[in-house]
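Below is one structure, written out as C-alpha cells; the observations come after it.
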Amino acid sequence: MNDWKLALTRIEELIKETETNLDLAARAGIYAAARVILNDLSEHIVEELSGPNHYAGEKIGGIKWHIGAALGFDVDNGHSASQHRAWAYGDLNSLKATLERTLTAR
C-alpha cells in the first residue's frame, strides 16, 4: 500500500455499497475487499510508525465488524444494517482524523 488516503476513500465507497440490496456473492465481494484493504492499511500504519497505533487498530477493527454485520457476515447484536453503517462511517472518520495527525505529521 502506498496511499492510505486512497485506501480510506475505497473503504468509504465499500461502506456505501452495503446500502444496496445485494446477492450473497456481491456481499461477499464487498466484505472480502474491505477486509483486505483494512488489513493492508493496518500493516502500512505499523510500517510507517515503526509500531502499532492502538487507537487506529481499534477503529480498523470496528470498521471490519460493522461492515461484516451490515452485510450479514458477523453478529449484529440486534442492531440494523443501517446502524452498523453509521457506526462504520463514524469509525472511518475517527481513523481518518487519527491518520491525518500521525502520518501526515511525519
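The values are calculated or read from the model by the stated rules, or taken from the named source; none is laboratory data. Computed from a prediction, not measured in an experiment: that's the story for all the values here. Glycine gets a Cβ as well: all are built from the backbone with ideal geometry, and neighbour counts include every protein chain shown. The protein model used for the area step is the full one, side chains on, heavy atoms only, and it has no ligands, DNA or RNA in it. Shrake-Rupley method; radii C 1.70, N 1.55, O 1.52, S 1.80 Å.
Couple of notes before you dig in:
- Of the listed requirements (1) buried (at least 17 other Cβ atoms within 10 Å of the Cβ); (2) in contact (Cβ under 8 Å) with a residue 60 or more places away in the chain, residue 81 misses just one: (1).
- Scanning the stretch 12-36 for residues that are open to solvent by less than 60 Å² (accessible area, probe 1.4 Å), closer than 15 Å to residue 66 by Cα and free of Cβ contacts under 8 Å to residues at least 24 places away in the same chain gives 32, 33.
- So residue 41, is it at pLDDT below 95 and of a type outside the set (Lys, Arg): no
- Residue 101 satisfies every condition listed in (1) out of contact with any Gly (no Cβ under 9 Å at 6 or more places or on another chain); (2) part of a helix (DSSP H, G or I); (3) within 21 Å of residue 17 (Cα to Cα); (4) of a type outside the set (Asp, Glu) except (3).
- Residue satisfying all of: in the stretch 85-99; without any contact (Cβ under 8 Å) to a residue 40 or more places away in the chain and under 24 Å from residue 26 (Cβ atoms); surrounded by the most Cβ atoms within 10 Å (Cβ to Cβ) among these: 91
- Flag for residue 60 being closer than 14 Å to residue 8 by Cβ, open to solvent by less than 40 Å² (accessible area, probe 1.4 Å) and in a helix (DSSP H, G or I): yes
- When the test is whether a residue is within 12 Å of residue 92 (Cα to Cα) and out of contact with any Cys (no Cβ under 8 Å at 6 or more places or on another chain), residue 24 does not pass it.
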